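The structure under discussion appears below in the form of structure tokens.
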Amino acid sequence: MSAPYLHPGLPAPTPARDGLDAPFWAGLRNERLLLQRCRNCNRWQWGPEWICHRCHSFDLGFEPVPAHGVIYSYERVWHPVHPALQHQGPYLVALVEIPHADGVRLLGNLLGDPQQTVEIGSAVVGAFEHHLDADPAFTLLQWRRAPD
Amino acid sequence: MDRSLRGRAAVVGVGQTTYYRHGSSPHAEARLALEAILHACEDAGISPTQVDGFSSYSNDRNDGPRMAAALGCRELRFSNMFWGGGGGGAAGALQNAAAAVACGLADCVVVYRGLAQGQFGRFGRGPAAPHISGEAAHTVPYGVMSAAQMFAMKVMRFMHDHQVERSALRAIAMASYHHAQQNPLAIMHGRPLSESGYDDARWIVEPFRLYDCCQENDGAAALLVVAADAAGDYPHKPCYVLAATSGGPYRAAAPVHNTPDYASSHFQTVAGRLYAMAGLGPSEVDVLQSYENFTGGVLMAMVEHGFCHPQEVNDFFTLGNLTAPAGRLPLNTSGGNLAECYMHGLGLTIEAVRQIRGTGPNPVPDVEVSMMIGGPMVTPVSACIFGSAATL
């Protein structure tokens, strides 16, 4: 397993106490991207809600989606605001649109050279970054440029 | 039934404390808030015991009922918190106060905000907890935790879509610093900003360099709002509310950066209702205060309020166009959040009132219509338009 993209010490994500996003985090642990989909109207939504914002059904599930996306926007962070990132140097965050899930967006780090030129609209693929030493263990979904 | 605030409320008093750099107030936050309220009452020539309504925003810690008790207010009739963070309520709290006095819920409502970050911690710091859940769990582990980091991607996309040049952002920052040089209250008074000073500053998060980002400050500010028909009883030239609106477009608060119209400041619907209520358009606005959390938010907010077309921003946003007294649209004429003080935008609302009175540090001649835009990129956002008696 390669080193995590960001230095260790940031707050570890845990499922929401009310369980709303628990299937998402469990899915990442198993290297699957599970996003919320309405069983009534079959449309996707993200972040998770207790109700479908389109048809108002409460019958929502989490279904697998290929971790393939397109960069909708990005930022290169230079000024750290958490002690864990004090010596990180610049890092890239991408906002990734998932065309296979009605274009919902996920946020993650763009792997590779933090000084690389980033093109809005370019294709990316997901990379599961496991933090097995964390308590509780968790997995992040990171992104890298899709092979040409 | 008249379902408009137009001409039904007025600001009759404004007050503020000394403004401090973040963490350097010698006073507790609650005391700062009380002091600003006293100044606003003094400005209006009334006793603080006459205040019967309290309206704030951004989860202000100094809640109205406690303020009313501390001030010995004779009766509390209106106690109101505008939902949402940042400066989204900088005009929203005024909207609520205006609605309260227009409808007879209260007679004299104070709009206020107090901040002492030494006492309560800074906004621009990441969370110290070992675990995180909810929406933040989907952003913080990727290093996205400050306001600058939350909003940069909106501006990045807007700049990409409309080929915005950095000179447009620079003009916004320089206008604030330019105006602050005439304002002794401003934190950045005596510290002008040059083009190279802006260009050479370090990156915070692309596309924001240091001077694209607001300060964080300690202090407090307050405005007194009464029904319009009572405005003549107070010593200053009345400043009438022509419109105040708030909210956000469809699903603007969708979690984890899923706002449908992402590359925006969230004023798409608020601005239209604002002008409709005021019965005027952007070309009739004489002077503008537009909340700078980040320069890019100002740019998008001004586009959404119709001051220029998205394709024209590089021509419109120049220092000359944005400075008092003679610019095309003088902007943030007391120094704004960037250079006067970051009081979650309430300082901008006060400056909008001063421009109607003609008493600001950089008065624009013959102001009849003065506008304030609060809290771009959050949800809800808000905006208000003030007018002189001639506009009624």
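The values are calculated or read from the model by the stated rules, or taken from the named source; none is laboratory data. The shown structure was predicted, so the numbers you read here are calculated from the model rather than taken from an experiment. Please note: Cβ atoms are built from the backbone with ideal geometry, for glycine as well, and neighbour counts cover all protein chains shown. In case anyone asks, the SASA skips ligands and DNA or RNA and just uses the protein heavy atoms, side chains included. Shrake-Rupley method; radii C 1.70, N 1.55, O 1.52, S 1.80 Å.
Points worth noting:
- Pairing residues of segment B:212-234 that are open to solvent by less than 20 Å² (accessible area, probe 1.4 Å) with residues that are basic (Lys, Arg), at Cβ distances under 7 Å and at least 6 apart in sequence or on separate chains, gives B:Asn217/B:Arg21; B:Ala220/B:Arg113; B:Ala221/B:Arg113; B:Ala228/B:Arg8.
- B:Gly87 meets each of the listed conditions (1) within 19 Å of B:Arg3 (Cβ to Cβ); (2) open to solvent by less than 10 Å² (accessible area, probe 1.4 Å) apart from (1).
- Flag if A:Asn109 is touching a residue at least 40 places away in the same chain (Cβ under 8 Å) and polar (S, T, N, Q): yes
- Scanning segment B:276-300 for residues that are touching a residue at least 60 places away in the same chain (Cβ under 8 Å) and either hydroxyl-bearing (Ser, Thr, Tyr) or surrounded by fewer than 19 Cβ atoms within 10 Å (Cβ to Cβ) (or both) turns up B:Gly279, B:Glu284, B:Asp286, B:Ser290, B:Tyr291, B:Thr295.
- If you go through segment B:176-196 and pick out every residue that is crowded, with 16+ Cβ neighbours inside 10 Å and part of a helix (DSSP H, G or I), you end up with 5.
- Within segment A:85-97, tally of residues that are assigned to a strand (DSSP E or B), more than 13 Å from A:Leu141 (Cα to Cα) and either facing chain B (nearest Cβ under 8 Å) or within 13 Å of the chain's Cα centre (by Cα) (or both): 2
- Test: residue in segment B:15-30 that is open to solvent by less than 50 Å² (accessible area, probe 1.4 Å), assigned to a strand (DSSP E or B) and at pLDDT 95 or above: yes
- The residues listed here are B:Val241, B:Val205; of these, the one that is in a strand (DSSP E or B), over 19 Å from the mean Cα position of the chain (by Cα) and buried (at least 24 other Cβ atoms within 10 Å of the Cβ) is B:Val205.
- Flag if A:Arg29 is open to solvent by 60 Å² or more (accessible area, probe 1.4 Å) and either farther than 16 Å from A:Glu63 by Cβ or facing another protein chain (nearest Cβ under 10 Å) (or both): yes
- The set of residues in segment B:31-69 that are open to solvent by 40 Å² or more (accessible area, probe 1.4 Å), in contact with a helix residue (DSSP H, G or I) (Cβ under 7 Å, 6 or more places away or on another chain) and part of a loop (DSSP other than H, G, I, E, B) comprises B:Ser47, B:Arg61.
- Residue match in segment B:132-140 (condition: within 14 Å of chain A (Cβ to nearest Cβ) and in a loop (DSSP other than H, G, I, E, B)): yes
- Residue match in segment B:75-98 (condition: away from every other protein chain (no Cβ under 14 Å) and without any contact (Cβ under 8 Å) to a residue 12 or more places away in the chain): no
- Close Cβ contacts (under 6 Å, 6 or more residues apart or on different chains) running from residues in segment B:145-160 that are facing chain A (nearest Cβ under 7 Å) to residues that are open to solvent by less than 10 Å² (accessible area, probe 1.4 Å) and in a helix (DSSP H, G or I) are absent.
- Only one of the listed residues (B:Gly347, B:Gly320) is outside any loop (DSSP other than H, G, I, E, B), on the phi < 0 side of the Ramachandran plot and in contact (Cβ under 8 Å) with a residue 12 or more places away in the chain. That residue is B:Gly347.
- Among residues that are open to solvent by 30 Å² or more (accessible area, probe 1.4 Å), free of Cβ contacts under 8 Å to residues at least 60 places away in the same chain and either more than 9 Å from every other protein chain (Cβ to nearest Cβ) or under 13 Å from the mean Cα position of the chain (by Cα) (or both), A:His100 is included.
- Selection within segment A:1-19 - of a type in the set (A, V, I, L, M) and more than 7 Å from chain B (Cβ to nearest Cβ): A:Met1, A:Ala3
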